Amino acid sequence: MAAGIVHGLSFDIECYNQIICKDYLGQAIDPGDEVERNTSFLLDLLDKHNKKATFFFLGNIARSFPSLVRRAVDDGHELGVHGDTHLCIHDLNEKSFADELKTAIDSVEQAGGAKVIGHRAPAFSINSSNLWALDVLAKAGLVYDSSIFPFKGRRYGIEGWSLVPEKLKNGLWEIPLSVNETWFGRLPCMGGGYFRHFPLAYTKYSARALSRAGRNGVTYFHPYEFEQKNAKMPDTASEMLGKKGFLRLAISNVLQSRGRKSMRKKLEHFITEFDTVPIGSLLE
Ligand SMILES: [Zn+2]
C-alpha cells in the first residue's frame, strides 16, 4: 500500500425493485425488506472490521427505514443523500432538483439525527449539460458532491474532468469517481458493476494503480448487489410491458443479478486488504 493512500468507501442506499417499477412501469411502490436485510449486512460487516464509510440514502428509504439511518449514525458512519426518489438530474430543472434535494436532506437528517454533508446523484446523472446542479448542492449547504465520472461514458461521465477532488468556485468540493488511465483511455473501476462483474483482481489492480499515481480511489456499492437471490421481474411486467420492453428488463435483471453471490466475500476481502475511509475524509 502506498503511504498515505486510502480509498473512499461508499454505499448508495436504494431499493432495486422500487427503481425498476418507477423506471420501467411508471409505478410507485414501497421499498422492500431487501434494503433493510442487505444494509444491515453491510453495517454488521463494517462493524466487524471497525471500518467507517459514507451512506448516501435516498430520502424515501430514510422515511421507510429510519432505524437504518439512525444505526449508520450511531455506528459512526458519514451521511449523504442520493436524491429523494431516485430521479435523474437530467430529468429535473433547478427548481425541482432543489425541492427534491431539500426533501431528501430533511428526511435523512430527521431519521439520523445528524447532518448530511455529501451527495451522489442517481445514476451519476451530473454531466456537462446540467452543471447548475453543483450550484444547487452548494446552496443547500453540502460540503461535497461525488457524482462525476471523469470519462466519456455511454450513459454518464464528463470527459476530461479532474481525476482528483477539486474545490469549485461555489465552495462545494467535487470528489470524482475512480477511473484507471490505460492504453484504451480512462476506464471506470472500484465500484458497482465494475466490482461485481470483474474478478476482485481487477479492483485490487486498480486500487494499487491509483495508489502509485498518488490518487485515492472512490468505491460505491448498492445493498441489492449483496442480495443472495437473483433480481425478479415485477408481477405486472408481462401485462404492462410489450415484448421488447419485457426482454429489455429481463436482460437488465440478469446483468444486475450476475456476481451477487460472491459480493459479500469480495467486499470483505477488499476492506481488510485496503485502507478505507468515508468519502468526506478524502478531503483531509
Ligand atoms: Zn442509485
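The values are calculated or read from the model by the stated rules, or taken from the named source; none is laboratory data. Computed from a predicted structure; not experimentally measured. Cβ sites come from the backbone with ideal geometry, for glycine too, and all protein chains shown count toward neighbours.
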- request: Check LEU46, LEU68, LEU79 and return the single one that is in a strand (DSSP E or B), away from the ligand (no atom under 15 Å from the Cβ), surrounded by 19 or more Cβ atoms within 10 Å (Cβ to Cβ) and modelled with pLDDT of 95 or more.
  value: LEU79
- prompt: Since VAL254 meets every condition but one in (1) under 14 Å from SER10 (Cβ atoms); (2) in a helix (DSSP H, G or I), which condition does it not meet?
  reply: (1)
message: Every residue in the range 143-164 that is in contact (Cβ under 8 Å) with a residue 60 or more places away in the chain and either over 17 Å from HIS86 (Cα atoms) or out of contact with any Pro (no Cβ under 9 Å at 6 or more places or on another chain) (or both), please.
response: VAL143, TYR144
Pick from the range 49-65, criterion under 17 Å from the mean Cα position of the chain (by Cα) and in a loop (DSSP other than H, G, I, E, B), ranking: surrounded by the fewest Cβ atoms within 10 Å (Cβ to Cβ): LYS52
field: Residue that is modelled with the highest pLDDT [pool: residues in the range 1-26 that are crowded, with 21+ Cβ neighbours inside 10 Å and of a type in the set (Val, Ile, Thr)]
entry: ILE13
- request: Say whether the condition of being small (Gly, Ala, Ser), surrounded by fewer than 19 Cβ atoms within 10 Å (Cβ to Cβ) and either within 16 Å of the ligand (Cβ to nearest atom) or in contact (Cβ under 8 Å) with a residue 12 or more places away in the chain (or both) is met by at least one residue in the range 96-108.
  value: yes
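Condition check ((1) over 19 Å from the mean Cα position of the chain (by Cα); (2) part of a strand (DSSP E or B); (3) crowded, with 16+ Cβ neighbours inside 10 Å) across all residues:
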{"site": "PHE195", "(1), (2), (3)": "no, no, yes"}
{"site": "ALA201", "(1), (2), (3)": "yes, no, no"}
{"site": "TYR205", "(1), (2), (3)": "yes, no, no"}
{"site": "SER211", "(1), (2), (3)": "yes, no, yes"}
{"site": "ARG215", "(1), (2), (3)": "yes, no, yes"}
- prompt: Restricted to the range 13-43, and to residues that are away from the ligand (no atom under 16 Å from the Cβ) and outside any loop (DSSP other than H, G, I, E, B), which residue is farthest from ALA114 (Cα to Cα)?
  reply: LEU25
field: Residue that is farthest from the chain's Cα centre (by Cα) [pool: residues in the range 162-193 that are at pLDDT 95 or above and among the charged types (D, E, K, R)]
entry: LYS169
message: Given (1) assigned to a loop (DSSP other than H, G, I, E, B); (2) under 20 Å from VAL277 (Cβ atoms), identify the lone condition not met by LYS229.
response: (2)
message: Looking at SER40 and the list (1) free of Cβ contacts under 8 Å to residues at least 60 places away in the same chain; (2) surrounded by 22 or more Cβ atoms within 10 Å (Cβ to Cβ), which single condition is not satisfied?
response: (2)
message: Cβ contacts < 7 Å: first residue within 23 Å of PHE57 (Cβ to Cβ) and modelled with pLDDT under 95, restricted to the range 206-227; second residue of a type in the set (Lys, Arg) and surrounded by 23 or more Cβ atoms within 10 Å (Cβ to Cβ), any location; separation 6+ or different chain. Result?
response: none
- line: Log entry, pairs with first residue in the range 251-276 being crowded, with 16+ Cβ neighbours inside 10 Å, second being acidic (Asp, Glu) and in a loop (DSSP other than H, G, I, E, B), beta carbons closer than 9 Å, six or more apart or on different chains, reads SER257/GLU227; ARG260/GLU227; MET263/GLU227
query: Just one of ALA114, ALA123, ALA138 is closer than 21 Å to VAL218 by Cβ and either within 16 Å of the ligand (Cβ to nearest atom) or not in a helix (DSSP H, G or I) (or both); which is it?
result: ALA123
- request: Return only the number of the condition from (1) within 17 Å of the chain's Cα centre (by Cα); (2) under 25 Å from ASP23 (Cβ atoms) that LYS229 does not satisfy.
  value: (1)
field: Residue satisfying all of: in the range 82-95; assigned to a helix (DSSP H, G or I) and within 16 Å of the ligand (Cβ to nearest atom); nearest to ASP145 (Cα to Cα) among these
entry: ILE89
